[in-house]
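Each reported figure results from applying straightforward, stated rules to the coordinates on display, with no laboratory input. This one's a predicted model, so the numbers in the text were calculated from it and none came from an experiment. Glycine gets a Cβ as well: all are built from the backbone with ideal geometry, and neighbour counts include every protein chain shown.
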Amino acid sequence: MITARTRAFDSVLCFGDSDWWYHNRGHADMQFMRRFARHWPVLYVNSLGMKTPGASDGRMFLRRVSRKAKSVARYYRKGGEGFGVLSPIFLPVFDGAFGHSLTRALGLQITAALRALGMHRPLVWVACPSAVDVLDKIPRGGLVYQLSDCYSALRGASATQAARMEAALAQQADLVVCSSLSLVERARHLYRRGEYVDHGVDFDRFAAAGSVPDPPEEVRDLPSPIVGFFGNLDGNTVDRALLDAIIRSRPEYRFVLVGPMSREFESLRAHGNLTHVPQKPYCEIARYGAAFDVAIMPWLRNEWIHHCNPIKLKEYLSLGKPVVSTPFPELRRCGGLCYEATDAVTFAAAIDRALAEDDPARRAERRAWASPHTWDAKFGRILRLLEIRGISCFSESCPRSPQTRRHENGGASRIYACGKWAYAPPGDPMIRCMRCCYDDVLKRTVLDVRSILGRAQQRAPLPRTRLARDVRRLAERSFS
């Protein structure tokens, strides 16, 4: 419930964990910013990075350096979805005099961008912990830490540095949002805070692609069955040895891998039954997934995977595809819809079983499980959690009458609507502007006082009219 102590924000500043221009735009922070941008000005800051890329990554290193340089060259541009994207000049160096100088320069860039965009008290959303050192330079109406991964387990990053950043963020944050129950348990144990908001899915996009397949040219003429995976192929998450053994054990199956490959995975191209498709825009991913007969997730068994909740899991299920994966805690929340395997032999056997057991009824069951987990539903939960913590939007005037603002791209959307919030399911508390809330508090106070006076009047006669008038005047002065 919003009270007189409510803190207000007039915009949203997001420190993302990806690069808007070059990464998959299906990430959680990007999905939430799309929805915030329908109602408030939003500035998305491309990932500041958690580690410096090394030359040992081969072509992936050169690709990352090239992409980052091109991203910084853009500096500030409109993202094309109702909000702006900033690629600040920054290197992921956090220690020493050079690191402190970089942090000061970053703070100047962020504050200058906020002033130029007229964002005075933004809600600060942090998905990349390396932003923590610049937060004290930014005026804010609230701080949300989106904890989607266990960064202290990231290979090649300083575990000590990541743990320091994460702890500092969690202690400052008004709301810590965790994408898996393992992360919730960890956050509450370490920081005594953490709320479970698992990843959502663009259900309509993926369900439509799965219902009426329209395979892209690269996979259109491939023989069936197709066993597929889309996403990054890197040594921090995917078990290369396991994947290699699975491909070798089923030469009669066609394996399709969609996404960028790190150096250690490039040798997989030698397999005659493997097709690799480079990274594709997010809007095209569903079409590639629809061409799969079975979707796989051959994860490593490490701390990073133990705490993860991959978005692709719900995307595969929205497509209606059977999923075979190595085990991790969030997989078991699917109600037995997925097949688990721990080694190459059991994994290949699970693929065989998934192909044999797949039918229209099972595909419908998978989609039915995924359908409530839309990004709109997850965003509604975020809004309710912010309201509980006394953080709301800022409105100069009561928006009881319809009020809209026009975004830079020309689209109009309602800023705030008293009554049922667009993202709130039926039966949920209403989220309203501060002035309307104060009006309601006043009305409830007066009604409560009248009720008390009424009960007292029954026990002993009181000068009811005069006392009620005095109490009302007192309440009006308190909330005016």
Amide N of segment 105-124 lying under 18 Å from the label point, which is placed 7 angstrom from the Cα of D136 along Cα→Cβ: 105-111
Any of K137/K280; K68/K137; K78/K378; K70/K137; K78/K137 with alpha carbons more than 32 Å apart? Name them for me. K137/K280
What is the extension gain from H120 to E217, computed as 0.36 nm multiplied by their sequence separation minus the C-alpha to C-alpha distance, in nm to one decimal? 30.1 nm
Which distance in nm do the two modelled labels at R77 and R353 give, with both placed 7 Å along the Cα-to-Cβ direction? 4.8
Here FRET efficiency (C-beta to C-beta, K280 to A105, R₀ 25 Å, nearest 0.05) is 0.10
Which number comes out as Rg/Rh for segment 7-196 once both Rg and the Kirkwood Rh are worked out on C-alpha atoms? 0.94
Please list the non-local residues whose amide H lies under 5 Å from the amide H of Y76, H modeled 1.01 Å from N, same-chain partners needing a gap of 5 or more. S87
Let me understand segment 203-370 better: what is its radius of gyration from the alpha carbons, and its Dmax, in angstrom? 14.5, 40
Between M297 and residues 5 or more places away or on another chain, which pairs have amide H atoms under 5 Å apart, with H built 1.01 Å from N, and which residues are they? V324, S325, T326
Compute the FRET efficiency between S249 and C334 as 1/(1 + (r/R0)^6), taking r as their Cβ-Cβ distance and R0 = 30 Å, and round to the nearest 0.05. 0.75
What nm distance separates the two modelled labels at R263 and R389, each placed 7 Å from Cα along Cα→Cβ? 4.1
Run the numbers for N273 and V65: contour at 0.36 nm per residue of separation, minus the present Cα-Cα distance, in nm. 71.7 nm
Given H placed on each backbone N at 1.01 Å, which residues far from T275 in sequence or on other chains put an amide H within less than 5 Å of it? F255, V256, L257
